[in-house]
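What follows is one structure encoded as structure tokens, with my remarks underneath.
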Amino acid sequence: MNVIKIGICGLGTVGAGVLTVMQRNADLLNRRAGRAMRVSHVGTRRPKPDLNTADITLSDDIFAVVNDPDVDIVVELIGGYEPAFELVMQAIANGKHVVTANKALIAVHGNAIFTAAEAKGVSVRYEAAVAGGIPIIKALREGLSANKIEWLAGIINGTGNYILTEMRDKGRLFADVLADAQQLGYAEADPTFDVEGIDAAHKLVILASLAFAMPLNIDNCFTQGISAVAPQDVTLATELGYRIKHLGIARRTAKGIEMRVHPTLIPHRRLIANVDGVMNAVLVKGDAVDATLYYGAGAGAEPTASSVIADIVDLVRLSEAPYNAQVLSLGESADTLVEHRVLSINEIESAYYLRVMVDDKPGVLSHITQILSDSGISIDAVLQKESDQHQGHGLPAGHVAVVLITDVIVEAIFTSAVKNIEALDSVTDTVTFIRVESLA
Ligand code: HSE
């Protein structure tokens, strides 16, 4: 049998990791794939002299890899939308299987890519696009295929999780920690993708499509970043028995699909609340299996390479099999995926943490609780912090922070109550609110 030839486009952090691990574990990979494979062609403008590229054709044009008739599988590791989209479509048109780590590409152009791949009878794999080294795509698509997925929630951006962990553990300010994360190489080229939730939204959309067998739908994902999370809320959440995490949440409800990325309070006793630093975790609730949790490194050269290579091994193992033996990109054919209505953020149901800054006067708390009660909102917990007694909370002198946790309510009802609270004379600032999930 011929050796299967792999072409890699992009030799950055992940590309170098893929080459290194493929060479180091060559024997076991060939055994697991059931036949020999090797990297035959790499496209990069920046060759790395410390890597072993003997017997590999090096091109500075990535399209030379895609158009190389000897290459069987194209591995796209350049990231971004273009020219990655053109490159992948060209690979498919040339009848090559594709492995990619590019979450932005799949989230935005996945429908077109998967449809083209099915029409051509080739496969597109993207395990490394979500949660780095955690095999969450395979888990959702294959390991949990018996289940109707009810919901999933994930810490799927390592940079954001690192920032929130440092703020909580060391009382550091958001901007300082972000600078660190950039230096450590965790952050995206444009770090707003990390801190404003765009990277997490790309990943969530992919997970939601797999979970609910629906086309990828980036336009309807609600996205809120962590740049506005204040240190006092991190501290107050801890006092109330919660941790603030930047979660991606996808949930099937009777009204439609919820798909949202935002800072979220979760009870500290949940395992996922203790996923710290750059680590990722995804909690998936299926109707048969109940809750399952997947944890591991969400970024980095070799963890991401681990996922890329697993996809390559799968494709090599099935290279002689008929196309219908391949697992399709979203678990089913593009023809059978069903569009679901994605709820607007006003329609979702959540519990809420709210911090109201008020003048230190009698009766203020009762005015706030009356407004909530008039809106049918139950209160689960109340905490009051006076500025002079609690310097550590960063509260301005003469002000009191009234902190409440509500029961679950429709967001539109909650935000309307917040407007009424902000209209009270004794309320000195806009109300801060953060959604709360029990993940029970
Ligand atoms: N910037 C991403 C993160 C890298 O911090 O999680 C992995 O997708």
Which one of Ala119, Ala351, Ala64 has the biggest mean-square fluctuation once the chain is modelled by GNM with Cα springs under 10 Å? Ala119
For region 175-333, take every pair of Cα atoms, bin their distances at 5 Å starting from 0, and report each bin as a whole percent. 1, 7, 13, 17, 20, 17, 11, 7, 3, 1, 1, 0
Ranking Ile78, Ser333, Leu315 by how far each Cα lies towards the positive end of the charge dipole of the chain (+1 on Lys and Arg Cβ, -1 on Asp and Glu Cβ), the top one is Leu315
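Hey, with R₀ at 30 Å, roughly what FRET efficiency would Leu383 and Leu293 work out to, going by the Cβ-Cβ distance, to 0.05? Walk me through the numbers on the way to the answer.
Working: r = 29 Å, r/R0 = 0.98.
My answer for the efficiency is 0.55.
Given charges of +1 on the Cβ of Lys and Arg and -1 on the Cβ of Asp and Glu, with all other atoms neutral, how large is the dipole of region 62-184 about its Cα centre, in debye to the nearest 20? Show your work: numbers first, answer last.
Working: 10 positive and 14 negative charges, 77 e Å.
Rounded to the nearest 20 debye, it is 380 debye.
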Reachable lysines from Lys361, criterion Cα separation under 27 angstrom, eight or more residues apart if same chain: Lys385, Lys419
Quick check: the angle from helix 301-317's long axis to the longest principal axis of the chain, C-alpha only, nearest 10 degrees? 50 degrees
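Cα-Cα over 32 Å: which of Lys148/Lys245; Lys120/Lys285; Lys103/Lys285; Lys138/Lys170; Lys120/Lys203; Lys103/Lys255? Each step should come with its number before you reach the end.
Numbers: Lys148/Lys245 26 Å; Lys120/Lys285 34 Å; Lys103/Lys285 23 Å; Lys138/Lys170 36 Å; Lys120/Lys203 26 Å; Lys103/Lys255 28 Å.
Exceeds cut-off: Lys120/Lys285; Lys138/Lys170.
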Post the alpha-carbon centroid distance, region 249-325 to region 90-169, in whole angstrom. 9 Å
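If we sort 368-377, 298-307, 216-225 on the protection proxy, mean other Cβ atoms within 10 Å, highest first, what's the order?
Values: 368-377: 16.5, 298-307: 22.8, 216-225: 18.7.
Peptide ranking by packing, descending: 298-307, 216-225, 368-377.
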Applied in sequence order to region 228-236, the curve 6.51 cos²θ - 1.76 cosθ + 1.60 (Karplus, θ = phi - 60°) yields integer Hz couplings, x standing for Gly and Pro, of 9, 6, 8, x, 5, 6, 4, 5, 5
Can you give the percent of C-alpha pairs in the chain whose distance is more than 38 Å? 28 percent
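Report the extension gain between Ser373 and Asp276 in nm, rounded to one decimal, defined as 0.36 nm multiplied by the number of residues separating them, less their alpha carbon distance. Intermediate results must be reported in sequence, preceding the final value.
Values: separation 97, 0.36 × 97 = 34.92 nm, distance 3.62 nm.
Going from the current span to full extension adds 31.3 nm.
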For region 11-69 and region 403-418, what is the centre-to-centre distance using only Cα atoms, to the nearest Å? 53 Å
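So what is the 222 nm mean residue ellipticity for the chain from helices alone, if each DSSP H run of at least 4 adds -39500 (n - 2.57) and you divide by all residues, rounding to the nearest 500 deg cm²/dmol?
Numbers: 13 runs with 144 residues, N = 440.
After summing the helix terms and dividing by the residues of the chain, the value is -10000 deg cm²/dmol.
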How large is the translational diffusion coefficient of region 101-194 in µm² per second when you combine the Kirkwood radius over alpha carbon pairs with Stokes-Einstein at 10 °C and 1.306 mPa s? 101 µm²/s
Rank Ser350, Ala64, Leu29 by how far each Cα sits towards the positive end of the charge dipole of the chain (+1 on Lys, Arg Cβ; -1 on Asp, Glu Cβ) and give me just the farthest. Leu29
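If you place +1 on the Cβ of every Lys and Arg and -1 on the Cβ of every Asp and Glu, how big does the dipole about the Cα centre of region 136-297 come out, in debye to the nearest 20? Can you show the working numbers first?
Values: 16 positive and 18 negative charges, 127 e Å.
Around 620 debye, computed over region 136-297.
Quick one: which of 410-416, 241-247 comes out on top by average Cβ neighbours within 10 Å, and what's the full order, highest first? Please list the in-between numbers first.
Working: 410-416: 16.3, 241-247: 23.4.
My ranking of the peptides, most packed first, is 241-247, 410-416.
Rule-based calculations on the coordinates, nothing more; no lab input. Just so we're clear, the structure is a prediction, and the values are computed from it rather than from any experiment. Methodologically, a virtual Cβ is constructed for each residue, glycine included, from the backbone with ideal geometry; neighbour enumeration extends over all protein chains shown.
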